[in-house]
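To start, the structure itself, in structure tokens.
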Amino acid sequence: MVMMMKKHPLFSLTLPLLPILLFSHFTISLAQSPAAAPTAPATATTATTPAPVPSSPPTDIIRILKKAGGFTTLIRLLQATQVSNQINSQLLTSNGGLTLLAPNDNAFSSLKPGFLNSLNDQQKNELIQFHLLPTFVSVSNFDTLSNPVRTQAGENPDRLALNITSSGGNQVNMTTGIVNVTLGGTVYTDHQLAVYQVDKVLLPRDFFVAKPPSPAPAPEKPKGSKKKSADSTGTPADDAESAAVSVKQQHVIWVTVVAAVSVAAFSWSQ
């Protein structure tokens, strides 16, 4: 006996709708899934350039002395005479360097009271220039200098002489003919500028030796003296001729007088 299966009506209705249901479920799943994060754009890598090394500031003599301390009076004179600007400028343009013999405040305080105030502007400038050597001199090279040592005040051997003696740099002594000075410690050196402390102010003889008097001007000649001298100048021949003329004139006068007397006498006799 053959058994016949009976088709269920619900199954017959669902089977055609199955593909539609599956597609709808797949679409809803895609809509509910989170969106993928956007990809960051690729950035180009650049090589970093090292920052330039800052150049060292130019040498400033005032800054050096202030940092060392104890040079208040010297700083004031350097600024008043504008020698500080001169030093800084020379260090930029000169290859030979400079050497400053720097008296500290104790050295200036040992001067005669009122000495600095008695100097005029030109003398103050000369005093500071007398402490400057126009070349860089290391401590060990002072014994190589030739006396008298030239300073920036001038080269007059009588009035601006500075003599230096050294024993291999162990001790450096100086004399100006007015004061004897001993070199102290090194304040600053950079192989272009050397600053050494000295225990006394270097006083040049120019401040204490009387200057020779200026020659008196030649007296002026009177304006008419030249003409008069030319007129009075004569030769011996001229003098003889003048004497002869004078004798002739006297002879003529006598002849005239005798003739007049004779005529008068003749008239009376008549």
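The values are calculated or read from the model by the stated rules, or taken from the named source; none is laboratory data. Please read these numbers as outputs of a predicted model, since none were measured by experiment. Reconstructed Cβ throughout: ideal geometry from the backbone, glycine too, with neighbour counts over all protein chains shown. Side chains included, ligands, DNA and RNA excluded: accessible areas come from the protein's heavy atoms. Shrake-Rupley method; radii C 1.70, N 1.55, O 1.52, S 1.80 Å.
Looking at the structure I just gave you, is residue 151 among the β-branched types (Val, Ile, Thr) and exposed (fewer than 12 other Cβ atoms within 10 Å of the Cβ)?
Here the answer is no, as residue 151 does not meet what is asked.
Of the residues 140, 146, which is within 21 Å of residue 182 (Cβ to Cβ) and assigned to a helix (DSSP H, G or I)?
Answer to the selection: 140.
Pairs under 7 Å by beta carbon, first residue over 18 Å from residue 171 (Cα atoms) in the stretch 124-150, partner in a helix (DSSP H, G or I) and open to solvent by 70 Å² or more (accessible area, probe 1.4 Å), six or more apart or different chains?
Once the first residue is over 18 Å from residue 171 (Cα atoms) and sits in the stretch 124-150, its partners that are in a helix (DSSP H, G or I) and open to solvent by 70 Å² or more (accessible area, probe 1.4 Å) give 124/80.
Show the residue pairs meeting these rules: Cβ distance below 6 Å; 6+ apart or different chains; first residue within the stretch 180-202 and in a loop (DSSP other than H, G, I, E, B); second residue polar (S, T, N, Q) and open to solvent by less than 70 Å² (accessible area, probe 1.4 Å).
So the pair list comes out as 199/182; 202/176.
Give me the pairs, please: first residue somewhere in the stretch 61-81 and surrounded by 14 or more Cβ atoms within 10 Å (Cβ to Cβ), second residue anywhere and assigned to a loop (DSSP other than H, G, I, E, B), beta-carbon distance under 8 Å, and either six or more positions apart or on two chains.
Filtered contacts from the stretch 61-81: 65/71; 70/104; 71/104; 74/104.
Identify the residue in the stretch 125-137 that is open to solvent by less than 50 Å² (accessible area, probe 1.4 Å) and in a loop (DSSP other than H, G, I, E, B) and, among all such residues, is nearest to residue 205 (Cα to Cα).
Of everything passing the filter in the stretch 125-137, 130 is nearest to residue 205 (Cα to Cα).
Got a sec? Which of 228, 221 is of a type in the set (Lys, Arg), assigned to a helix (DSSP H, G or I) and modelled with pLDDT under 95?
After ruling out the rest, the residue left standing is 228.
Counting only residues that are free of Cβ contacts under 8 Å to residues at least 24 places away in the same chain and either open to solvent by less than 60 Å² (accessible area, probe 1.4 Å) or of a type in the set (Phe, Trp, Tyr) (or both), which one in the stretch 164-179 is nearest to residue 70 (Cα to Cα)?
Checking each candidate, the answer is 173.
Return the residues of the stretch 153-164 that are at pLDDT below 95 and not hydrophobic (A, V, I, L, M, F, W, C); say none if nothing qualifies.
154, 155, 156, 157, 158, 159
Restrict the check to the stretch 79-99 and report whether at least one residue is modelled with pLDDT under 95, hydrophobic (A, V, I, L, M, F, W, C), part of a helix (DSSP H, G or I) and under 23 Å from the mean Cα position of the chain (by Cα).
Scanning the stretch 79-99, I find at least one residue that is modelled with pLDDT under 95, hydrophobic (A, V, I, L, M, F, W, C), part of a helix (DSSP H, G or I) and under 23 Å from the mean Cα position of the chain (by Cα), so the answer is yes.
Just give me the residues in the stretch 160-178 being under 16 Å from residue 132 (Cα atoms) and in a loop (DSSP other than H, G, I, E, B), in sequence order.
160, 161, 162, 176
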